[in-house]
Amino acid sequence: MVRRFTRRDFLGGAALAAASPIFEVKPLRGIDFILQNSPTPQKYLIETMPGGVALFDYNNDGLLDIFLVNGGKIANTLHVPENFDRAAPRYWNRLYRQNRDGSFSDVTEAAGLAHAGNANYGMGVAVGDYDNDGYPDLFVTSYGKNILYHNNGDGTFTDVAAKAGVAGGGWSVSAGFFDYDNDGHLDLFVTRYMEWDADHSKICGGDWHTYCPPAAFPATTCLLYRNRGDGTFEDVSERSGIAAKKGRALGVAFADYDGDGFTDIFVSNDGMQQYLFHNNGDGTFKECALDSGAGLTSDGKGLSGMGIVFQDYDNDGRPDVIVTELPRELYGLYHNDGGGAFSYQSLETGLGTLTSGSSGWGVGLEDFDNDGWKDLFVAQSHVLDNVQQIDASLRYKELPLLALNHNGRFERADSGVITPLAARGAAFGDINNDGWMDVVLSTLGGPPVLLLNRGGSTNRWLSLTLRGTRSNRDGYGARVRVNGQTREATSSGSYVCASDKRLHFGLGSAEKASVEILWPSGRKQVLNDVRGNQFLEVREPEKP
Amino acid sequence: MIQLLLFAWFAAQAANSSAAEHMRAGLQARQQHQADVEIEEFRKATELDPNLADAFVNLGAAHMEKHDYGAAIAPLKRALELSPDLPAAHQFLGYALLAQGYAAEAIPHLERVGAQDALGIAQIETGQLTEAVANFSAVLAKRPGDPDLLYYLGHASGLLSKNAIDTLLAAHPDSARAHQALAENYFVLRQMPQAEKEYQEALRLRPELPGLHLELGQVYASSAQWPKAEDQFRTETKLQPGSAEAAYRLGSALLQQGKPREARAELERSNQLKPEMPETLYSLGKAASLDGDSAAAEQAWTKVIDLEKETSLAAQSHFGLAALYRKQGKTTQAQHELQEFQKLQGAIGPPRSE
């Protein structure tokens, strides 16, 4: 006899379904920003690359604000030198302050961030309190000159790039603050993509008339700036060994992968080997991706590395790497085996079937369902806007990828997005302070998209804000362990974005947490019986 | 070739001593690479003795030396009128006619001297494709690897194939084979939706036809639709349990989905059906490695390196071994394999992405 399907069965099924995180795609109230990438028939590669999103609390009111990087105006045929007219308000970068009701107010002009100056086509953003004054500062990357905006603490910013010596040049993409020499002052790393200018631009694809692959242009070097602690930086790219390696760098992420107490750098390169710069602890770095097993696929092939995340996905306490790619390549997952070695585990972890047909940009490992395992989120879209004509199985606009982590294996889940997007940046943070991690995406030619996590389970969480004293004030570079999970403290990673610096941990059903913080200064701090479901600021003990 | 045709003794036997002198002068000019003098001397010899076949052959040969094939045809034809069995005259005339586009006329002359390579070219021109393929294959057996012969064999085979397919499409446009042929064409053109549609129609008409599921699986595999590819390859392995390729493709699709144990079973079966295929062994190594069987992975990749010295598969196997040894903490061996990988990369270029 067939058992009757009861209402209880139905409700049981519904409850199971509701256990998945549910993002609600919400309009960002008060945000009227459109990312102006200004596509041209000339297929300038820069058009495909912006734009950054930063989630940070610029006025320390406890609410995340949003900074959005804009591209710029591109004339159909660029003039040399390129102008990229940024004077018109539609081409400005924008700062939106979050209000108590969850809406946003455009404070760009009031903050002194209007008109980033001509000759800069915007790319990405990094956030860090480089002068340890308690207010987060902004670093904006561009094709052209980069800008360091000092946060004056009164709601305004000042462009100090020239004085600080970090304007750089060329085609900068992602950037990140970190403290490579553990002196308590945040240093700055900037990826640069390639040697490109309008005079040497090319169109590829024959009759398809499309953007060229990266190998069509010469490789270039990344930039490393050491913070002198007096408001200025020293370009140590050469001295540190970073400039010894030319690449086509797009993303950057930081973590101390070998546990030697010094933060290392992983750079995602497009169409070639990836770079892992091991921090030697003496101000120099050694590129060791190939020797470590994190440079190529398991078949020894290069990767179209774009976005990157450097966090521990399998809760073994060691930071792993995920690099997003183009279709026909799998997103590269490099498992940190310990002892300085990585192994390519895209197939083992389920990324093979999830990612082989997609193009990934911004990427994050965040515990979206608060079950104690970091899930994967990727902003997706092909580089070529006419890719479907070239290969009918591919699409320019794609849905983002949400893959839930089940004991180290990823399985696709509904991201809640139903309209494919030309997404690029992805920044992660708890926008509405409800204990569930949200996502903000940037989209080419479109508005930012907020994926508001509505939770859906009774799982608990803990959000930690680090307050360094001997270490840098943001605590970047600290390794934080909570109930068997580990996070590297950083706002960097993803692609051209800066995420909420607060460290979010899902606790599952645990009511309390034990917290262990290894600060960049070397101090170890342990907190026991920490209550769940709270935002907690942890101050680094000044005395050992 | 022409240098071999020094008909000196014919000249010595010439009835007309003056013609013989011009023959000698012509041969001397040939040795001194004075083509115009050579032509003039042989022409005078033919004028002085219009029945001297050898003079006409040499005149034709001299024109051919100057690549003036049109001018060579008349004296060579006259030589054959005078002496129909002269092999050199047949050969030169066959070449000259072929060079001038008179392929049908060239064929009997080329057949007469057994010039199979030129004959094959003439047969392509006249649409005798089966005969052309046979001739090129025969010459290739004697001159293996000859690039011109390989090209012409490929060209003739392609045309033969096209003819057959055109006939199929014209005569049986609604047959399963016609849809299969169209699908294969779309696949080559990377028009996958059309290829998929045609394969499905072919399968609807003849679901039992061997190879169809395999090919449809490859359409799905090319666009990374691995579960669909797996289904098709699995069906093919049921239809053709003895097909090493079907087992290999199924194993690869399973591998791509992170199912190493199932993949290994299929790849091992493929390896038993057709042993020592480097591609199968390489994938077998990957599957074994994923499955945690380092010894089997090492064995498979080492075998690939034994079989393939300087190919991208050999490079990839060195790379796989490097990862394997690194994981086992065998740093020196890992370093050695990485160096071998890099050495091969330097020699053959980096492995390309899919």
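Just so you know, all these numbers are worked out from the coordinates, no wet-lab data involved. Given the structure is predicted, the values throughout are model-derived calculations rather than measurements. Here the Cβ positions follow ideal geometry from the backbone for every residue, glycine too, while neighbour counts run over all protein chains shown.
Scan segment B:65-133 for chymotrypsin sites (Phe, Trp or Tyr not before Pro) in coil per DSSP, keeping those whose Cβ has at most 15 other Cβ atoms within 10 Å, and list them by number.
Those that pass, being in a loop and sparsely packed, number zero.
Select from segment A:92-129 those trypsin sites (Lys or Arg not before Pro) which occupy a DSSP coil region and have at most 14 other Cβ atoms within 10 Å, ordered by residue number.
Within segment A:92-129, the qualifying trypsin sites (Lys or Arg not before Pro) (loop, at most 14 other Cβ atoms within 10 Å) are A:ARG100.
Using only the Cα atoms of segment B:34-95, build the gyration tensor, take square roots of its eigenvalues as a ≥ b ≥ c, and label the shape rounded, prolate or oblate: rounded if a/c is under 1.5, else prolate if a/b is larger than b/c, else oblate.
Note, shape of segment B:34-95 comes out oblate.
Please state the Cα pair-distance histogram of segment A:162-254 with 10 angstrom bins from zero: what percent is in each bin?
Spelled out per bin, shortest first, that is 16, 41, 25, 12, 5, 0.
Over the whole of A:298-305, what's the average partner chain Cβ count within 10 Å per residue? Rounded to a whole number, please.
Partner-chain Cβ atoms within 10 Å, mean over residues of A:298-305: 6.
Which values, in whole Å and largest first, are the semi-axes of the equivalent ellipsoid of segment B:142-244 obtained as the square root of 5 times each eigenvalue of the Cα gyration tensor?
Semi-axes, largest first: 27, 18, 14 Å.
Return A:ILE265, A:ILE242, A:ILE34 ranked ascending by Cβ neighbour count within 10 Å, so the fewest neighbours appear first.
A:ILE34, A:ILE242, A:ILE265
If you plug each phi of segment B:158-169 into the Karplus form 6.51 cos²θ - 1.76 cosθ + 1.60 with θ = phi - 60°, what whole-Hz ³J(HN,Hα) values come out, in order, with x for Gly and Pro?
Per-residue couplings from phi come out as x, 5, 4, 4, 4, 4, 5, 5, 4, 5, 4, 5 Hz.
If you wrap a convex hull around the alpha carbons of segment A:432-544, what volume per residue comes out, as a whole number of Å³?
Spread over its residues, the Cα hull of segment A:432-544 gives 105 Å³ apiece.
Which value in deg cm²/dmol, rounded to the nearest 500, describes the helix-derived mean residue ellipticity at 222 nm for chain A, given -39,500 (n - 2.57) per DSSP H run of n ≥ 4 and division by the residue count?
It lands at -1500 deg cm²/dmol.
For chain B, what does -39500 (n - 2.57) per DSSP helix run (n ≥ 4), summed and divided by total residues, give at 222 nm, in deg cm²/dmol to the nearest 500?
It lands at -25000 deg cm²/dmol.
As a footprinting exposure proxy, order A:VAL25, A:VAL363, B:VAL133 by other Cβ within 10 Å, with the fewest listed first.
A:VAL25, B:VAL133, A:VAL363
Set the Förster radius R0 to 56 Å, insert the Cβ-Cβ distance between B:ARG143 and A:GLN42 as r into 1/(1 + (r/R0)^6), and round the FRET efficiency to 0.05.
FRET efficiency, B:ARG143 to A:GLN42: 0.65.
Which listed residue (B:ALA300, A:VAL378, B:ASN271) has the Cα farthest towards the positive end of the charge dipole for the protein assembly as shown, taking +1 on Lys and Arg C-beta and -1 on Asp and Glu C-beta about the Cα centre?
Most positive-ward Cα: A:VAL378.
Expressed as a whole number of Å, what is the distance separating the alpha-carbon centroids of segment B:230-293 and segment A:512-536?
Using only Cα atoms to place each centre, the spacing works out to 49 Å.
Of the candidates B:GLN32, B:GLN128, B:GLN180, which one comes out as most mobile in a Gaussian network treatment of chain B with C-alpha springs shorter than 10 Å?
Between B:GLN32, B:GLN128, B:GLN180, it is B:GLN32 that shows the largest mean-square fluctuation.
Could you check how many percent of all C-alpha pairs in segment B:201-315 are farther apart than 24 Å?
25 percent
Return the distance in nm (one decimal) between the two label points of a simple spin-label model at B:SER83 and A:ARG409, each offset 7 Å from Cα along Cα→Cβ.
Distance between label points: 8.5 nm.
Averaged over every viewing direction, what's the projected area of the C-alpha convex hull for segment A:267-337? Give it in nm², one decimal, please.
The Cα convex hull of segment A:267-337, projected and averaged over all directions, gives 5.0 nm².
Give me, ordered by chain and number, the residues 5 or more places off B:GLY258 or on other chains with an amide H under 5 Å from its own placed amide H.
none
What is the list of residues in segment A:185-199 whose amide nitrogen lies under 20 Å from a point 7 angstrom out from the Cα of A:ASP230, following Cα to Cβ?
In segment A:185-199, the label zone of A:ASP230 (backbone N under 20 Å from the point 7 Å along Cα→Cβ) covers A:185-188.
Using Cα pairs closer than 8 Å and at least 6 residues apart in sequence, work out the relative contact order for chain A, in percent.
Rounded, it is 15 percent for chain A.
Please go through the residue pairs A:LYS301/B:LYS330; A:LYS246/A:LYS301; A:LYS501/B:LYS327 and name each one whose alpha carbons sit more than 27 Å apart in this structure.
A:LYS501/B:LYS327
At 0.36 nm per residue, minus the direct Cα-Cα distance, what do B:HIS67 and B:ALA265 gain on full extension? Give it in nm, one decimal, please.
Length gained between B:HIS67 and B:ALA265: 65.0 nm.
Enumerate the amide H contacts of A:LEU28 below 5 Å, restricted to partners 5 or more residues apart or on another chain; note that Pro and chain-start residues carry no placed amide H.
A:LEU450
With a 4.7 Å Cβ cut-off, tell me which Cys residues in the protein assembly as shown come up empty for a partner.
A:CYS222, A:CYS288, A:CYS497
Along segment A:26-38, what does the Karplus equation 6.51 cos²θ - 1.76 cosθ + 1.60 (θ = phi - 60°) give for ³J(HN,Hα), rounded to whole Hz, x for Gly and Pro?
Going residue by residue, I get 10, x, 7, 4, x, 9, 10, 6, 10, 6, 8, 8, 6 Hz, with x marking Gly and Pro.
How do B:MET64, A:MET123, A:MET437 rank when sorted from fewest to most other Cβ atoms within 10 Å of their own Cβ?
Taking fewest neighbouring Cβ atoms as first place, the list is B:MET64, A:MET437, A:MET123.
Ratio of the protein assembly as shown's C-alpha Rg to 2.2 N^0.38 Å, to two decimals?
That ratio works out to 1.23.
Name the residues whose placed amide hydrogens come within less than 5 Å of the amide hydrogen of A:MET49, ignoring near sequence neighbours (fewer than 5 apart) on the same chain.
Distant-sequence amide H within range of A:MET49: zero hits.
Mind checking segment B:52-145 for trypsin sites (Lys or Arg not before Pro) that DSSP puts in a loop (not H, G, I, E or B) and that have at most 16 other Cβ atoms within 10 Å?
Listed in order of number, the matching sites are B:LYS66.
Give the residue from A:ASN453, A:TYR344, A:GLY153 lying farthest towards the positive end of the charge dipole for the protein assembly as shown; charges sit on Cβ (+1 for Lys and Arg, -1 for Asp and Glu) and the dipole is referred to the Cα centre.
A:ASN453
Over the Cα atoms of chain B, compute the convex hull volume and normalise it per residue, giving Å³.
For chain B, the hull spanned by Cα atoms encloses 187 Å³ per residue.
Under the Karplus relation 6.51 cos²θ - 1.76 cosθ + 1.60, θ = phi - 60°, what is the ordered set of whole-Hz ³J(HN,Hα) values for segment B:229-242, x standing for Gly and Pro?
Whole-Hz 3J(HN,Hα) from phi for segment B:229-242: 4, 4, 4, 5, 5, 5, 4, 5, 5, 6, 5, 10, x, x.
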